[in-house]
1. What value, in deg cm²/dmol to 500, does the helix sum -39500 (n - 2.57) over DSSP H runs of n ≥ 4 give at 222 nm once divided by the residues of the chain?
2. Pairing the Cα long axis of helix 321-332 with the longest principal axis of the chain, what angle in degrees results, from 0 to 90 and rounded to the nearest 10?
3. Say a paramagnetic label sat at a point 7 Å from the Cα of residue 318, along Cα to Cβ; which residues of segment 262-296 have their backbone N under 18 Å from it?
4. Could you grab the relative contact order for segment 194-342? Cα pairs under 8 Å, six or more apart, rounded to a whole percent.
5. Starting from the 7 Å offset along Cα-to-Cβ, what nm value, one decimal, do you get for the label separation of residue 179 and residue 113?
6. Evaluate the Debye formula for segment 278-348 with equal point scatterers sitting on the alpha carbons, no solvent, and hand back log10 of I(q)/I(0) at q = 0.17, 0.27, 0.29 Å⁻¹, in q order, two decimals.
7. Distance between the C-alpha centers of segment 83-128 and segment 335-399? Whole Å please.
8. Using the basic label-point model (7 angstrom from Cα toward the beta carbon), what is the residue 234 to residue 284 distance in nanometres?
Ligand SMILES: Cc1cc2nc3c(=O)[nH]c(=O)nc-3n(C[C@H](O)[C@H](O)[C@H](O)COP(=O)(O)OP(=O)(O)OC[C@H]3O[C@@H](n4cnc5c(N)ncnc54)[C@H](O)[C@@H]3O)c2cc1C
């Protein structure tokens, strides 16, 4: 019988296996991975560069019932793990202002290879093309049903991820299995994802990118504000700043707006003054040229269409004071209703997952002792910027450590 089976060979599962072996060196440990190879999502992370952590780790970057920061703070940090234990040198990303940490090689493959080399040296088996479809708790352990076999084990670590990025093996099927076993997973929704808007509301803006601030607003209340580049598409708005607001859709569905400030450098009064100067300079040009010195043409035209009361062709000098004021108002506070969150294919993270009420502080199930959880399958979603991988590593360490310890009859073993 296998001592520990880790279900899922992603960031959290590979780490859980390393830590389980560290705390139970004699144990027979196996990773059961559904795809033909482990770590496919690690390779895709950070556009192939793997934004593996962030130097600005705090509660405000995590959302959900599981206390991510408690887990992260209780485990070795990224330097200790990657450099001291795995031999991977890390560095701040070129966009260092966001605090993102990357491998010095700038290549995700370095990270995955280091993890796999470690597992090989530790003697952990990676069994690919092995999808676990059911988990049956039995006396002394578990029976896991795979495609063509049943695997018996004493302990199990569930690291099968959520719904986000189905092409990387995560289609939520394990969460469905767990729900049938009695686990609660709350409302599931894509996070770190574009937000859907009506095509009519962004007509003409497809392909526009503009730096600004964006707030998620509900019932007139600002819920959160982010800075960065906004990207307009046919039926959604994206960009890291929008990705970081997507988790709010789960809570404010149907009541969420994006309020954008497209010129945060100036207050409205200053901007209006600036527009009045342009009005004098460009007085004989068509009205739609008022903002073409400030924004790319499509955005400039979009705003002027909304600001103009009279749709007939006019010159800039014919614009009324109210229309100029409206243009300034729209630039500082353009509001667009959110009508949905983009599909799982475009999402990087799953909001929702196994809730904190189902697990103890050591990530062991309260329903089935001997069963542990780590990574995205848990109810916590981090912001974009290395927060999700950091949670995957840290929760993998904790689950692996406690599961390994429990084999030796550690304080947490209640499954004997
Ligand atoms: C395109 C993309 C880019 C990203 N970039 C970053 C980034 O740069 N920085 C960052 O912090 N986060 C990033 N994320 C998010 C981050 O990658 C994930 O949150 C993290 O990898 C989750 O790790 P995990 O081990 O919990 O789950 P996953 O990495 O999703 O791994 C779960 C594994 O379990 C396997 N599996 C699923 N079901 C079963 C089953 N029934 N039986 C056996 N195996 C199963 C899957 O095939 C998969 O290999 C990105 C996500 C995506 C989609």
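Just so it is clear, none of the values below were taken in a lab; they were calculated from the coordinates. The model shown is predicted, which means the values in this text are computed figures rather than measured ones. Note that we place each Cβ from the backbone using ideal geometry, even for glycine, and neighbour counts take in every protein chain shown.
1. -8000 deg cm²/dmol
2. 10 degrees
3. Taking a point 7 Å out along Cα→Cβ of residue 318, the residues of segment 262-296 whose backbone N falls under 18 Å are 279-291.
4. Reported relative contact order: 31 percent.
5. Here the answer is 4.1 nm between the modelled labels.
6. Debye intensities relative to I(0), on a log10 scale: -0.62, -1.29, -1.42.
7. 21 Å
8. Reported label-point gap for residue 234 and residue 284 is 4.2 nm.
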